[in-house]
1. Output the helices (runs of 4 or more DSSP H) that fall wholly within segment A:23-78 and possess 2 or more residues being in the same structural domain as A:Ser105 (by TED's automatic domain parsing) and crowded, with 22+ Cβ neighbours inside 10 Å, or say none.
2. Return a yes/no flag: does segment A:349-361 have any residue that is modelled with pLDDT of 80 or more and away from chain B (no Cβ under 14 Å).
3. In segment A:253-268, is there at least one residue being at pLDDT below 70 and farther than 30 Å from A:Thr212 by Cβ?
Amino acid sequence: MKLFYRDRATKRSINWEQFIEDINNTQSVPKYCYAQDYYTIFKNIILAFVSGNSITILDSDFSDDEIKQLVGEEEFAQLQSEIPINRNLDFTNAEEVIASLNKNSRNSKLYLFTSGTTGLPKKVSHSFTSLTRFAKISIDRRNDVWGFAYNPTHIAGIQVFLQAFLNQNSIIRLFGFDNTSIETEILDFQVTNISATPTFFRLILPLTKSCTSVTNITTGGEKFDNKIIQQLKKAFPNGRFRNVYASTEAGTVLAAEGDLFSIKPEFENLVKIADNELLLHKSLMGGFENEDEWYRTNDIVTIVNKNPIEFKFVARKNEMINVGGYKVNPHEVEESVRMHPDIINARVFVKRNSILGNIIGCEIVASNEELTEVAIRSYLQSLLQEFKIPRIFKFVSKIEVNRTGKVNRK
Amino acid sequence: MEKIKEIINTVLANRGKAPITDINNDSHLRNDIGFDSLDLAELTVRLEAEFDIDIFEDGIVNTVGEIQTKLAPL
């Protein structure tokens, strides 16, 4: 009886047999998946693909007004509608479900909304093929146990889910829990693989015990700094680290060891760098409506080697903060602040200011209660230009993250 | 006045500068106290947090006396 999904929040552990029975006993698939329960979301995604239907995944914390804006009044009226499954589902094992996914999902679409750093989220369509383009499936991976550390309604979460599903792995929910619970789940269920944002890792470190079962750690989406890598190595001594570049629009395009990225040979003509910005060819964009031939990712990179091209991610273009005409990269500031030995985590925020336009503030999670603003500042003076040093510090017990698991700066 | 002086000294201390002891209405924020634009920006944020008034909202303020005037309605 192999575990399929374990959720500490609902105190449920569902094994593969039960999951297959649930699939067999379901007669319809929702047009809109608007569920809070991770298991329901996972089940609906699989049901849509095996029945050749399409599904739109909505965050459970969207308000009615937000959904109306996203889908329109007319569709909003159909929010609860169910599409009958017109084939008899009679799976006896996981292999049959997987074979059916590959065979029947050809006309299925999975619609998601990007978290959109500015304005209203945009609708993006994916196929089973585009979602699993980089899934690694092999018999060696059959015993992987995934620590599920993403929101299940977002692309990274869905990709991790499908990677785990196609290898018939067990999935242990880690997202949305406090540090102690996360550590307990990793240890109790002997998690081997974790894919998460740098913020997720930053917020759980340091761990009280070292988690030796974890062998694969994947991260991406934000810049990952050296201090975190050192702490991760301590927490996960057997972990192999992999950094992935993925966007909701394009799915996984690049991968690298450490923070140095290269373009895979098969994408050589589909990825380019112009004015230090990473551009993706429209053919990588799935069903994304895009008029230009090249999609501007807003990801600013710095080229380290020219031939073959290798680069590092520096920041998001629209994240640069203008302080009296000087551009400040919040990641650079946060990284410098985190280097202080008494600081666990930091988050830069922006405050409007009548003199400089913007002024930089910083929330600090300190490990030493006696740490003062003056001490942090004098430390930063050796690392940062004066205009990059935060002028306001707030000491907080934890850094809040948004629904994608990234930090908010506003 | 004491509160304004305290806030000015906080800003000075944050920049590693010596505190001022002598302060009066004619003290010039830049010439006498030695504030630059970053310091002035920080000063406004701290005053705003304390008094809920943006002293630079309607243009530049040069002296401690002018700050007093801005905060006077309180």
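The values are calculated or read from the model by the stated rules, or taken from the named source; none is laboratory data. Model, not experiment: these values are computed from the prediction. Neighbour counts are summed over all protein chains in view; Cβ atoms, including those assigned to glycine, are modelled from backbone coordinates with ideal geometry.
1. A:38-50
2. No, the conditions are met nowhere in segment A:349-361.
3. yes
So that you can scan it fast, the table gives a plain yes or no per residue for (1) more than 9 Å from chain A (Cβ to nearest Cβ); (2) exposed (fewer than 12 other Cβ atoms within 10 Å of the Cβ); (3) in a loop (DSSP other than H, G, I, E, B); (4) under 11 Å from the mean Cα position of the chain (by Cα):
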{"residue": "B:Lys5", "(1), (2), (3), (4)": "yes, no, no, yes"}
{"residue": "B:Asn9", "(1), (2), (3), (4)": "yes, no, no, yes"}
{"residue": "B:Ala13", "(1), (2), (3), (4)": "no, no, no, no"}
{"residue": "B:Ile20", "(1), (2), (3), (4)": "yes, no, yes, no"}
{"residue": "B:Asn31", "(1), (2), (3), (4)": "yes, yes, yes, no"}
{"residue": "B:Leu38", "(1), (2), (3), (4)": "no, no, no, no"}
{"residue": "B:Ala49", "(1), (2), (3), (4)": "no, yes, no, no"}
{"residue": "B:Thr69", "(1), (2), (3), (4)": "yes, no, no, no"}
